[in-house]
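Here's the structure we're looking at; comments come further down.
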Amino acid sequence: MTTTMPAIVRTVADLRALVAQFRARGEKVALVPTMGALHAGHVSLVEVAKAEGARVIVSIFVNPTQFAPSEDFSKYPRTFEADLEKLAAIGAEAVYAPTVDVMYPKGFATSISLEGPALARLDDVARPHHFGGVATIVAKLFTQCGPDMAIFGEKDFQQLAVVRRMATDLDLAVDVRGAPTIREADGLAMSSRNVYLSPDDRAKAPLLHRAMQEAAAAIRSGTAIETAMTRSRETITAGGFALDYLECRAADDLGAPRAGAPLRMLVAARIGTVRLIDNIGV
Ligand code: PAF
């Protein structure tokens with residue numbers, strides 16, 4: 001079977017010309033924003049877009065402004081050639097891979113300031129500048145590309161809530177879709193950072209998902225949320241993790257649980273040098 005490599009575009013002008021070609025043929029355009037190091041989770045986002053009959057543009061840009069100086073920007077995995085192969089196999093039409101100068105031209109001085117789900121006291125506590133960087137780059141990607149829809153993984157659930165809020169508040173005419181988290185057979189959520197887990201920590205890592213499932217089952221069968229959270233926090237800590245948070249929140253705005261509102265349980269914890277995040281519906 002022959003596969004067609006995706007077109008590679010590196011400038012805003014070329015991206016817009018490509019989108020204009022799709023539109024001239026009456027085709028829908030989907031953007032899948034990524035930082036590369038693509039795995040089956042990313043492939044599933046492209047599949048969601050394909051299932052909508054859209055032409056798919058995958059952006060690959062490791063965005064410096066969403067990393068704190070202490071975080072892993074320089075060692076974030078960069079696997080461009082392997083990413084292209086995966087995207088060819090799944091039939092993505094194009095990759096938008098701008099340089100830092102395209103995204104942050106000399107004199108860049110504008111960013112997006114956030115409240116609401118970005119200040120939910122979840123990932124924003126350990127990573128206070130993270131969502132500002134995400135929102136700024138995603139707003140740029142949306143305005144550069146002008147897609148009909150954009151697909152984000154539910155794995156980064158707070159990010160998805162922040163992007164949805166921003167698109168609504170700024171009237172960005174993009175349908176923001178969430179796609180389910182893809183897991184390894186033992187339940188570990190797929191993440192580009194999993195490659196950094198030592199074999200021992202990799203064996204322990206599925207505990208996060210199991211502890212959330214146990215808490216969710218307990219809540220569904222009538223246990224008070226805080227009681228279930230306390231038990232699972234203890235399980236996670238006893239399993240060798242340094243826990244940042246395990247919380248159960250309203251799924252839409254990530255505020256305190258409200259009667260009748262769907263619930264989402266979210267966790268972040270470190271094992272060895274790796275910080276893992278995950279979440280499930282309750
Ligand atoms: O989820 C990611 O990979 C990034 O945060 C995103 C949305 C591509 C923005 O840089």
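Each value in this text was obtained by applying a stated rule to the coordinates, not by laboratory testing. The model shown is predicted, which means the values in this text are computed figures rather than measured ones. Heads up, the Cβs are rebuilt from the backbone with ideal geometry, glycines too, and the neighbour counts pull from every protein chain shown.
What number, in percent, do you get for the relative contact order of the range 182-282 if the mean sequence gap of Cα pairs under 8 Å and at least 6 apart is divided by its residue count? Could you put the intermediate results ahead of the total?
Values: 149 pairs, mean separation 26.6, N = 101.
Computed over the range 182-282, the figure is 26 percent.
Is the C-alpha gyration tensor of the range 132-273 telling us rounded, prolate or oblate? Criteria: a/c under 1.5 is rounded; beyond that, a/b larger than b/c is prolate, otherwise oblate.
oblate
Arrange the following residues from fewest to most other Cβ atoms within 10 Å of their Cβ: R78, R121, R249.
Fewest-to-most Cβ neighbours within 10 Å comes out as R121, R78, R249.
Could you state the number of Å between the C-alpha centres of the range 89-147 and the range 150-188?
13
Counting only other residues whose beta carbon sits under 10 Å from that of T79, what net charge do I get with K and R as +1, D and E as -1?
Taking every other residue near T79 into account, the sum is -1.
So, counting K/R as plus one and D/E as minus one, what does the shell of residues with Cβ under 11 Å around P98 add up to?
Result for the neighbourhood of P98: 0.
For S111, S232, S70, what ranking results if the residue with the fewest other Cβ atoms within 10 Å of its Cβ goes first?
Details: S111 14, S232 25, S70 6.
The most exposed by this proxy come first: S70, S111, S232.
Determine the calculated [θ] at 222 nm for the chain from helices alone, applying -39500 (n - 2.57) to every DSSP H run no shorter than 4 residues and normalising by the residue count; nearest 500 deg cm²/dmol.
-11500 deg cm²/dmol
Count the net charge of all other residues whose Cβ sits under 13 Å from the Cβ of R121, scoring Lys and Arg as +1 and Asp and Glu as -1. Write out the running numbers ahead of the final one.
Numbers: positive: R127, R249; negative: E115, D123, D124, D244, E247, D253.
The answer is -4.
Tell me, how many Å apart are the Cα centres for the range 215-257 and for the range 23-59?
33
Placing unit charges on C-beta atoms (Lys and Arg positive, Asp and Glu negative, everything else neutral), compute the dipole magnitude of the chain about its Cα centre in debye, rounded to 20.
For the chain, the charge dipole is close to 80 debye.
Using the number of other C-beta atoms within 10 angstrom as an exposure proxy, rank K155, K204 with the fewest first. If you can, show how the numbers build up before the last one.
Details: K155 20, K204 16.
Taking fewest neighbouring Cβ atoms as first place, the list is K204, K155.
Which aspartates and glutamates, if any, have their Cα less than 13 Å from the Cα of K106, not counting same-chain residues under 8 positions apart?
Straight-line reach from K106, under 13 Å: no aspartates and glutamates qualify.
Distance in nm between label sites at R10 and L172, each 7 Å beyond Cα in the beta-carbon direction?
Here the modelled spin labels are 2.5 nm apart.
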